[in-house]
Amino acid sequence: MSLQPSVFSPSYPIEIIEYSRGKYDTWLIGNIQKIDDPKFPHKYEVDKKNNKVRLCLYHPNRGEWTKDQEIYNTLIPWTCEWLYYYELWLDDGKWRGGGEHPRLNDRKRPRRNN
């Protein structure tokens, strides 16, 4: 799927992958600008080999997401919002999307082979 955060934005290829019943990873894929920047915002991991980034869209320990929610009401709009703030970050290096990035251990789990 592709998402376009504004009418002035390009379309961004996105993968939403269910890795466990009701648990999803959201990936930005393709030609990602500044993928090598150590300050790349609100991400869990960068997969340079496959040119994709696993996005941090919510805090996993705060109940912002539950498996009973529909992704079209949560993950998809949250991804559009993330992309909007990502475009602003590309311009001046400031993350305006707010939020608190959790410690890496909050989302650590075995990685799947793609």
Exercise for review: Identify all residues within the stretch 1-39 that are touching a Lys or Arg at 6+ places or on another chain (Cβ under 9 Å) and of a type in the set (Asp, Glu); write none if there are none.
Suggested key: GLU15, ASP25, ASP36
Check your understanding: What's the number of the condition SER20 fails, among (1) surrounded by 11 or more Cβ atoms within 10 Å (Cβ to Cβ); (2) hydroxyl-bearing (Ser, Thr, Tyr); (3) modelled with pLDDT under 90; (4) farther than 23 Å from GLU100 by Cα?
Key -> (1)
Study note, to complete from the structure: Every listed condition ((1) under 22 Å from PHE8 (Cα atoms); (2) without any contact (Cβ under 8 Å) to a residue 60 or more places away in the chain; (3) of a type outside the set (A, V, I, L, M, F, W, C); (4) not in a loop (DSSP other than H, G, I, E, B)) holds for ARG54 save (1)
Check your understanding: If you take the residues of the stretch 38-50 that are without any contact (Cβ under 8 Å) to a residue 12 or more places away in the chain and exposed (fewer than 13 other Cβ atoms within 10 Å of the Cβ), which of them is nearest to GLU81 (Cα to Cα)?
Key -> PRO38
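On the basis of being surrounded by 13 or more Cβ atoms within 10 Å (Cβ to Cβ), farther than 23 Å from SER11 by Cβ and without any contact (Cβ under 8 Å) to a residue 60 or more places away in the chain, does TRP78 make the cut?
no
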Point to revise | Of the criteria (1) surrounded by 12 or more Cβ atoms within 10 Å (Cβ to Cβ); (2) modelled with pLDDT of 90 or more, which one GLN69 fails | key: (2)
Check your understanding: Restricting the stretch 2-23 to residues that are in contact (Cβ under 8 Å) with a residue 40 or more places away in the chain and either part of a strand (DSSP E or B) or among the hydroxyl-bearing types (Ser, Thr, Tyr) (or both), which is farthest from GLY63 (Cα to Cα)?
Key -> SER9
Check your understanding: Taking into account only those residues within the stretch 101-114 that are surrounded by 10 or more Cβ atoms within 10 Å (Cβ to Cβ) and under 15 Å from the mean Cα position of the chain (by Cα), which is modelled with the lowest pLDDT?
Key -> ARG107
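The values are calculated or read from the model by the stated rules, or taken from the named source; none is laboratory data. Being a predicted model, the structure only gives us computed values, none of them experimental. Don't worry about glycine lacking a Cβ; one is built from the backbone with ideal geometry, like all the others, and counts go over all protein chains shown.
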